[in-house]
Structures are given as structure tokens and as C-alpha cells.
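Q: Once you've had a glance at the structure underneath, I'll fire off some questions.
The values are calculated or read from the model by the stated rules, or taken from the named source; none is laboratory data. No experiment lies behind these values; they were computed from the predicted model shown. Note that each Cβ is placed from the backbone with ideal geometry, even for glycine, and that neighbours are counted across all protein chains shown. Note: accessible area is taken over every heavy atom of the protein model, side chains too, but ligands, DNA and RNA are not part of it. Shrake-Rupley method; radii C 1.70, N 1.55, O 1.52, S 1.80 Å.
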Amino acid sequence: MPTSLPVHTPTRTRTIALVGNPNTGKSTLFNALTGFRQRVGNYPGVTVERRSGTLRTTNPGPPVEVLDLPGTYSLAVHQADEAIVLDVLLGHHDNTPPDVIVCVLDAANLQRNLFLTTQVLELDRPVVIALNMYDVAEELGIAINLEALEQALAVPVVPVVAVKQVGVERLRNAIENALQSAVKERHCHAFPDCVCAELDGLCTTIRRGDDGPTGPSARAEAMQSLLTPGGYHETRLVKRCGLGLAEELTERRARIAAAGESVAEVEARVRYAWIDRVVKQVVTHVKPPRSPRSERADRILTHPVAGIALLLLLMGLGFQVIYTWAQPVMDAIDGTFSALGALLSEWLPAGPVESLLANGVVAGVGAVLTFLPQIVILFLFIAVLEDCGYMARAAFLLDRWMALLGLNGKSFIPLLSSYACAVPGIMATRTIESRRDRMVTILIAPLMSCSARLPVYVLLIGAFIPSTPVLGRLLNLQAVTLLAMYLVGVVIAIPIALLLKKTVLRGEPQGFLLELPTYKWPSPTTAFYRAYEQGREFAVSAGTIIFAVTIVVWAMGYYPHPASVAADFEVRRTEVRARYEVHAQRLTEASGHAGAEEAAYAREQIANDLAAEVSELDRQEAGEYLRQSVLGRLGRRIEPLVMPLGWDWRIGTAAMASFPAREVFVATMGTIYNLGGDQDESSTSLRDTLRSAAWPDGRPVFNVAVALSVMVFFALCCQCAATLAVIKRETNSWTWPLATFTYMTLLAYLGALVTYQVASRLIHA
Amino acid sequence: MIEETKRGKLLSLKAGEAAEIASIEAAPATAKRLADMGFVRGAVVRMIRPGRPCRVRIGATCVGLGRALQESILLMNQVTVG
């Protein structure tokens, strides 16, 4: 292999990339190398987190960027989002390949970890090996001859214990040395002649076909294209070089197979044969190997019955903690923003500025921030479970059951989290490697009945569902209805998931293959970083979208705000005031006859009545504005569409206004029924008003069937800007949030239609 | 040569039994995934707990494998490991 000297221009920011198998403590090492100076983003076009930071160093000179690549077992990849590792290493992403590649290895599992390392070494870039969790290996009686390993790999090897910050300084020095020094000649794997010949031929074709990278990295890409049929690199190479290449690859593979080699296995066999020899030379077992502690713990923790019971208990406790810890903070945030809104309303003169600030901006920011406590606590919980190795066990335990949905064991926790709120739930799908499974999980997560639906349920159940006992005295009809609303989403999610798996997200089932890593103590810093990052990311990127949507809906509900309404109501208010003035005048004139006390009482009575009548007019005015607004007109326009659901235009308008967040429905119902916007689900006046609301012909608008229809609509719809914003961010495209909104709205409409049509015939016949 | 009688699938291993891998019969993508994780001809795989998915040990790695993958891993001579 040729020896090349890395060329550095001192003005350019140099990058180092961290690669390694999953569960090697790569992220912990990344945190140790960079500290707080991290940035999290997305690689363009794919759903993979791009974590980067600046290397903490005492050396002067230009800053060094550290890139934490996703954990992988091999450079051979099957899906676009796994391909990031090789793409970055080859320089497809940032235009230049990283200046130094740091391979993070689990010292207690050298053999398997070295497979990826041998692939990386062939790229002929400067490499430093970080032998992480060195203390665990020592404890297990694994002694590694570091000099011999350095010699065999021809790169520096540094033992580190990232959690305890041991060896990090040495690693940093090794990285800085590697930035300056030449690449030594490395071992060349002896692939069978038939493979080498086909690889050479393929490289020649590619060189002719395009002006992509040449040299060792091009050869590595060619190898992965040749030996991973149907993989991502093949697809991309064919896209670059034309369809002729697909045929050529098939022919070349056929020739390898004809020579008696297995295309899928040959790379692993050759590499592992060499690795076995190296490991035999450098590793000695000081203590006899014994059944690891993890295996003993797993006897209980992955037991099909006891394990699941423990998992459910743990989840129950976890969610209890999320609820109890997050609730006061959420209430505090909510309260603060409500108070701020009220203050602004008081301070500012009434008008568009006041309404925009109080009802648009402050309410919007508040709506975004109330999600934060849940997100942060849930991610602390998930990060701890993941870091200690339990998450893999949870996926292992639940795989069988989730397979019934066509999903993977790792979908369980995101779906369960979605019962609290779909936003952190969707963010938690990042642990699912299979893109298809992840997409299906994201698409059905908003169907889980989140806590924001509760106000709608509480209002309508309280107003229209009688509390008749069911099942003896055990339950009442109200509780049963609430339970039904919570179940309707899951019941619908099952066929949806199966349908998605059979249509848009179809693909070869991957088969369950999951490493169960050795249990270890979770690192508090890693958990903290994770929670902090997720919270910040949510507040910044999802926040802006939610905020924008809130403003738009506010504007639609506010404008055109015709002056004629104000004038009209001003006249009516003046009339009322005049009437009471006359009243008071008469009272004063007549007061000679009665006692002073009685007169004062009567005056007070009049003042109260006046205030009540004026505020009633204020509410009517607010209702009139909404009726005349863009939203209200739209609501009346779509009335024919919502009539089959048993709704009048007011329900339709409230449903549209609650697009940013379901809980807005209750407040909008309040405004639209002239009660003022500050209604909540337990206000008796709103219940009574809903009960007495009537169609123009005098029939009541609401009955049990209508209430059920509205609840089913809200159970199935995706009226949540936060969820849509998060789907947009996680999938990096507008297609998926639009698809989610469309399918869920259709589903909600159909669900409400069927509910109303069936219920009105059954109950009100 | 491997005797035909001693050939079996990973699926048929009982808890505590170990055997050498003979070959992997699966779609190329799946086979490559398994091979890259160390499931190569001659590697010793030990069944920790059978089931769907089962738990096996290969080298220093503990892996959970679904039923389909257990069927695709063909074994040769059983070995006894301490």
C-alpha cells in the first residue's frame, strides 16, 4: 500500500472523526474530548444526528473539530442513514476526509471491535486507536500487550477509561502527533485472488466512469459495493456511473461465487482470520474466563416473564417520575405565561399589538416551553437506561410482542412515551436503527392518546356522558368512555402499522439481531449532555415552527377585526350604560322615601348588573369578531363538510383553531360560545352553554353522539404543531409531517363520521 | 468433512451447548450483517438461552437473535466450552 503524507494547510479547521462499534463508550469519550463546546445538527438529507465539538487542548494553533460518528459494526451498510460513517470518512460529506480517524474500541472485546478497525485502516488515513474501558478488561483478567498491538496495526494505541477521564490527555497528544506525522505502511489483507481480480476490475470501471475519489478510499468504497449486494454503496455507485455498473456488479459477484467464495462472507472471513492471529499474539487471559456478571443478571432481567414484569414496573416508575416531576414545572411555566399574557392585556391598549403579544407571542412561547420539562426528564431516563445497557434488554424482551405489529422491540419505549406526549416519543425513536421501523413508529406515535387530549375528553364527558354505573359499581360510564378514548388510538394504530409495513415502508424484514452489551454504571455526564441537547434542540428548532404556526392561527382568528363590530358594540354598551344611569337617577330621586342603607344596596346592585351586562357584551363582541374573522368565515364555509359528523360551524371553527394544539379547542369553544377565551375544561358555565347550544331550528347542537364524535376526532387527529414540527425535524423533510397530518385528519374525520352516524342511530333513535 | 448427522441449525442448540458455525444461509444483506459481527465459518457460538429471540455468545459478545436468523445459521461439530 502506498505511503502518503497528510497535507495540512494551517488556515483550515482540522477535523478528527470518532468511529467505533455501538456500546464502546464513544459518546462518553467524545464528551471527554470536547466538553461543553458541542453542536448537534443533522446530516443533510438523512435522519442522522451530526454531533461535533471543538477539541479541548492547551496547544496553541487552529481549532480542531471533533466529529462523533454513529456507532457501527462495519462499513458495509444497507441503508442511507447508516452510510454516514463511510461517507464522512471518504470525505463525501464535508468535502474533505477527516484529518485523523480515532477508532474507539472496547478493550474487553477486541476481536469484534477490530473488524471495523481493519476496514478503517485500509482507507490509509492517519488513525489513532483508543482502547476504551481498559479498566473493565483488566478486571476481567484480559492483559493486552499494547506495543505488540501497535506493531500489528502500525498505528498508535492509547488505553483510556473515558468515564473516569483516564488516558484522555494521552489520547489528545496522540491525536495531535498523528495530525503532523506520516501514515506508516499497514497490513494488507490477503483476499482470495478471485475477489482481488474483480475488485481491481471494478476500480478501473469506476475510474473510467466518474471523477470521484481515487486511491485507497475509492477501493474501500468499491469493495463495499461489490460485497454488499443491495447495499447503499452499490445503489449510489450505480446512480453515479450508470446502470451498466449494476450488471457488471452482478457478473463480478457471480464469478466470485463460481470460484467457490461466498460474497457475503468472504470479507469477514479474511479479516477475522487475521484478527484472530493478532488477538492470540497480544491478548493473554491472566484469570480464567468466567461466566460474566452480565450473563448472570440477564437470567432474571431477560426472562420472558420476570423480565417483562420488571420492565413494566421500571417503566411505570419512570413515567410516574416524569409526571410528578414535570407537572409542577409545567404548571409553573404555564402559570407564568398566562400571568404574563394577562399583564400585557392590561398594560397595553386593546388592539392588534396587544392581542398579538398576549394571545399570539406569549401564548405561543408558553406552549413551546411547557413541553420542555417532560422532554428533559424523559431523556435523562432514556439516557441512563441506554448507557447502562438495559435498553437493549428492553428491546430484546419486547421484540416478540412488537413483531405482531410488524415493529421492532425498540419501538416500545417511544410509543409508551407518546402516551404522555408524542414530541419526546418521536424524539426517542432515534434509538431505532432500522429506518423503516423508525418511520412506522414515528407515524403511529401521534395516535397514542397524549395528555393534551385530556382537556377535550374531560369537558365533553363531563357535559354529556351520564355517570351510570357499569359492571356493578366498579366503573361508571364516564370512566369507560375515557378508557375507550385512550384505547381507540392504539386499536387503530395496529392496522395502520401493518398497512404501512406492507405499502409505503415495505422492505425485507431485517430479522432481530441486537448486541446485549455488558452492563455498566451509567455516566451522569453522558445522560446530562443527552438531556440538555434534546431540550435545547427542541426549544430552538421545533419552537420556531410552533411559534410561527401559533401566530398564523392567531392572525386568522383576529383579522379582519372590522371596526363596525367595535362601533356597533360601543353603541350597545352606551345604550346599556344610559339605561342604568336613568335607573340610578330614578333611584336617587326616590331615595328620599327609603333608608340610606337600602339605597346604597340598590346602587350597588345596579352597578353589579351594569358590569355583568357590559362584560356579557364584551364576550359577545369577542364572539362576533371570531365569527367575522377569516377562521370564522372558513368555519361557516366548511359547515356542510362537518354536518355529517353532527357538528355545527362553531365546532368546526374550534377544531380548525386548535390546529396548533388540541387543548386550544376548549378555549376556542369558550370564545365562540361568547364565554370569553379563558375557559377551561372544568368550567361549569361552558358545560351549561354547550348543553343549551342550539341549531337555528331549535334542536340542541350537542348530544351524546356529537360529543363522542368530537372526542373520536380529537383522539385520532394530529392537531398538534409541536408533533408535526418534530416529525419534520426528525425526518428532515416536509413530506412526512404532511403525510402524518393528512392521514390522521382523514382517519379522524372518518372515525368521527362513523361514530356519529352509528351513535346517533343507536342512542337517539 | 462434516458429518451430515452432526449438522444442525442454531435453532436446535440447547442452553449451554456450543458449536462451530458451518455457514449462513440467508439473503446476502442479512448474511453480511451476521458475518461482519463475527458469525463466520469456524467461529464458536454458544447458546445461553434459547427462545424467540434467543441469547447467544459469540466471542466476547452477547447477542439476541430472532427466530429467522437462528434458522439461517448452520452449525457443524459441537464443541464443549468451559
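Q: Can you give the Kirkwood hydrodynamic radius for the stretch A:14-179, in Å, rounded to one decimal and based on Cα pairs?
A: 15.9 Å
Q: Just to confirm the number: angle between the C-alpha axis of helix A:563-590 and the first principal axis of chain A, 0 to 90 degrees, nearest 10?
A: It works out to around 40 degrees.
Q: Continuing with the same structure: Mind computing the radius of gyration and Dmax over the alpha-carbon atoms of the stretch A:116-171? Å is fine for both.
A: According to the Cα coordinates of the stretch A:116-171, Rg and Dmax are 12.0, 34 Å.
Q: A further question on this structure: If each DSSP helix of 4+ residues adds -39,500 (n - 2.57) and the sum is divided by the residues in chain A, what number results at 222 nm, nearest 500 deg cm²/dmol?
A: So the helix-based figure for chain A works out to -19500 deg cm²/dmol.
Q: Going by a ≥ b ≥ c, the root eigenvalues of the Cα gyration tensor, does chain B fall in the rounded group (a/c under 1.5), the prolate group (a/b larger than b/c) or the oblate group?
A: Rounded shape, in that the Cα axes give a/c under 1.5.
Q: Related question: Students often get this wrong: which residues of the stretch A:452-472 have the backbone nitrogen under 15 Å from the point 7 angstrom along Cα-to-C-beta of A:ILE763?
A: A:457-469
Q: Further question: As an exercise, use a Förster radius of 51 Å and the Cβ-Cβ distance of A:HIS561 and A:THR96 to find the FRET efficiency, rounded to the nearest 0.05.
A: 0.35
Q: Taking the radius of gyration and the Kirkwood hydrodynamic radius from Cα positions alone, what is the Rg/Rh ratio for chain A, to two decimal places?
A: That ratio is 1.08, to two decimals.
Q: Just tell me how shielded B:64-71 is by partners: mean number of partner chain Cβ atoms within 10 Å of each residue's Cβ, no decimals.
A: Per-residue shielding by partner chains comes out at 6.
Q: Here's a follow-up. Taking amide H positions as placed 1.01 Å from N in the peptide plane, with prolines and chain starts having none, which residues 5 or more places from A:GLU515, or on another chain, fall under 5 Å of its amide H?
A: Correct list: B:GLY64.
Q: Turning to a different aspect of this structure: Between A:ARG586 and A:LEU314, what's the calculated FRET efficiency when r is the beta-carbon distance and R0 is 45 Å? Round to 0.05.
A: For A:ARG586 and A:LEU314, the calculated efficiency is 0.05.
Q: Find which of A:VAL384, A:SER411, A:ALA306 sits farthest along the positive direction of the dipole of the protein assembly as shown, computed with +1 on the beta-carbon of Lys and Arg, -1 on that of Asp and Glu, about the Cα centre.
A: A:ALA306
Q: Taking chymotrypsin sites (Phe, Trp or Tyr not before Pro) that fall in a DSSP loop and have at most 15 other Cβ atoms within 10 Å as cut points, what is the longest piece of chain A between them?
A: Excluding the exposed sites themselves, the longest stretch runs over A:37-733.
Q: Residues of the stretch A:259-275 that become at least 40 Å² less accessible with every protein chain present than in their own chain isolated, using 1.4 Å: which are they?
A: Hits at the 40 Å² cut-off: A:ALA264, A:GLU265, A:TYR272.
Q: Kirkwood hydrodynamic radius, computed over distinct alpha-carbon pairs, for the stretch A:549-592: how many Å, to one decimal?
A: Computed over Cα pairs of the stretch A:549-592, the Kirkwood hydrodynamic radius comes out at 13.3 Å.
Q: If you don't mind, there's one more thing I want to ask. Taking only DSSP H segments of four or more residues, each worth -39500 (n - 2.57), what value at 222 nm results for chain B once the sum is divided by all its residues, to the nearest 500 deg cm²/dmol?
A: My calculation for chain B gives -4500 deg cm²/dmol from helical runs alone.
Q: Let me ask you something else. Averaged over peptide B:42-55, how many Cβ atoms belonging to another chain are found within 10 Å of each residue's Cβ?
A: 4
Q: Averaged across B:20-33, how many Cβ atoms of other chains sit within 10 Å of each residue's Cβ atom?
A: Average per residue, whole number: 6.
Q: Under the classification rounded if a/c is under 1.5, otherwise prolate if a/b is larger than b/c and oblate if not, where does the stretch A:443-499 fall, given a ≥ b ≥ c as square roots of the Cα gyration tensor eigenvalues?
A: Since a/c reaches 1.5 but b/c is at least a/b, the shape of the stretch A:443-499 is classed as oblate.
Q: Could you work out how far helix A:524-537 tilts from the main Cα principal axis of chain A, as a 0 to 90 degree angle to the nearest 10?
A: 50 degrees
Q: Next question, about the same structure. To the nearest 10 Å², what's A:GLU65's accessible area with a 1.4 Å probe?
A: 40 Å²
Q: Run the simple label-point estimate for A:GLU247 and A:VAL458 please: 7 Å along Cα→C-beta, distance reported in nm.
A: 6.9 nm
Q: I would also like to ask the following. Expressed as a whole percentage, what fraction of the accessible surface of chain A belongs to carbon and sulfur atoms when a 1.4 Å probe is rolled over the protein heavy atoms?
A: 62 percent
Q: On the full set of protein chains, 1.4 Å probe, figure out the accessible area of A:GLU185 and give it in Å² to the nearest 10.
A: Looks like 110 Å² after rounding.
Q: Each label point is 7 Å from the Cα along the Cα-to-Cβ direction; what then is the distance between the points at A:ALA599 and B:ARG67, in nm?
A: Once both label points are built, they end up 9.4 nm from each other.
Q: Please give the FRET efficiency for A:ALA182 paired with A:LEU404, using the beta carbon to beta carbon distance and R0 = 45 Å, rounded to the nearest 0.05.
A: After rounding to 0.05, the efficiency reads 0.20.
Q: Using a simple charge model, +1 on the beta-carbon of Lys and Arg, -1 on the beta-carbon of Asp and Glu, nothing else, what dipole does the protein assembly as shown show about its Cα centre, in debye to the nearest 20?
A: 2220 debye
Q: Give A:LYS501/A:LYS728; A:LYS164/A:LYS287; A:LYS501/B:LYS14; A:LYS410/A:LYS520; A:LYS26/A:LYS280; A:LYS502/A:LYS728 a once-over and call out the pairs whose C-alpha atoms are over 27 Å from each other.
A: A:LYS501/B:LYS14
Q: How high is the relative contact order of chain A, in percent, with contacts defined as C-alpha pairs under 8 Å that are six or more residues apart?
A: It rounds to 10 percent for chain A.
Q: Could you give me the ³J(HN,Hα) list for the stretch A:297-302, computed from phi with Karplus coefficients 6.51, -1.76, 1.60 and θ = phi - 60°, whole Hz, x at Gly and Pro?
A: Whole-Hz 3J(HN,Hα) from phi for the stretch A:297-302: 4, 5, 4, 8, 5, 10.
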